[in-house]
1. Checking the condition at pLDDT 95 or above and of a type outside the set (G, A, S), which residue from L189, L185 passes?
2. Taking the condition of being open to solvent by 40 Å² or more (accessible area, probe 1.4 Å) and hydroxyl-bearing (S, T, Y), how many residues in region 59-92 meet it?
3. Being surrounded by 15 or more Cβ atoms within 10 Å (Cβ to Cβ), within 30 Å of A57 (Cβ to Cβ) and out of contact with any Phe, Trp or Tyr (no Cβ under 8 Å at 6 or more places or on another chain) is the filter here, so list the residues in region 122-177 that pass it.
4. Between D203, D174, which is of a type outside the set (F, W, Y), assigned to a helix (DSSP H, G or I) and either within 16 Å of the ligand (Cβ to nearest atom) or within 27 Å of H51 (Cα to Cα) (or both)?
5. Please indicate, with yes or no, whether at least one residue in region 17-26 is under 16 Å from the mean Cα position of the chain (by Cα) and at pLDDT 95 or above.
Amino acid sequence: MMEIVLATRNSDKVREIRRILPGVGFHSLKNFPQVPEIEENGETLEENAIHKAQEVAVRTGKLALADDSGLEVEALGGRPGVRSSRFAGEGVSYEENNKKLLMLMSGERRRGARFRCVVALAGPGMETIVREGVCRGRIARSPCGKRGFGYDPVFIVSGPGKTFAELPASVKNDISHRARALRKLGRDLSRIERKLKTVSRKDKKDS
Ligand code: IMP
């Protein structure tokens, strides 16, 4: 089984990634206390994901996977984007971010938005692989639903026509931006695994 260190200590995220890509041996960064907290101060989701994956790969010497995601609202020129978690200020609650978003969007008829997730896989001696997943929808007029986290109560998903906070986790995990990005990366992992097996068979034969 392929072993990959996740560039996160968030156990919810680790559980979610394991569910989306079964068959891969994912390890939480919790098992690597020598790796310090890595800052997300890039200007784009791509920059943050690549930086985190490469830092963890260098510090552990293993394959490392990182993600970064955000909500991009059309009428706000793509904001809050990379600043989604600190839209209303550093250390604010999800409610405060949602309140700011709904206030900026009050009276706005253009309500299109998307969640975007970027995942990066880095490792010793390989070029970093970057994949993206998008989930389209629109911003609700008021919060609805109790599940999930972050902007889930104010994001109505195209298709189901319900907010992420109204949908069961199993449905969200099938159609979310993170699931889409990770499934794309899953295809790269299968390719890398096949290559590694061929190399190790060849090494055995040659020795
Ligand atoms: P991260 O990439 O998981 O650190 O997410 C950054 C921020 O984007 C979170 O703090 C949320 O505000 C927002 N976000 C990302 N993914 C989701 C989601 O699936 N639902 C709701 N909010 C999300």
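1. That would be L185, the only listed residue that is at pLDDT 95 or above and of a type outside the set (G, A, S).
2. Residues meeting the conditions: 1.
3. A122, G123, T128, I129, V130, R131, E132, G133, N173, I175
4. Details: D203 fails: either within 16 Å of the ligand (Cβ to nearest atom) or within 27 Å of H51 (Cα to Cα) (or both).
None of the other options fit; the residue is D174.
5. First, the residues of region 17-26 that are under 16 Å from the mean Cα position of the chain (by Cα): 17-21, 26.
Still in the running and at pLDDT 95 or above: 26.
Yes, the conditions are met somewhere in region 17-26.
The values are calculated or read from the model by the stated rules, or taken from the named source; none is laboratory data. Keep in mind the model is a prediction, meaning the values are calculated, not measured. Quick reminder, even Gly has a Cβ in these numbers, built from the backbone with ideal geometry, and neighbours come from all protein chains shown. Quick note on the areas: whole protein, heavy atoms, side chains included, nothing else; ligands and nucleic acids left out. Shrake-Rupley method; radii C 1.70, N 1.55, O 1.52, S 1.80 Å.
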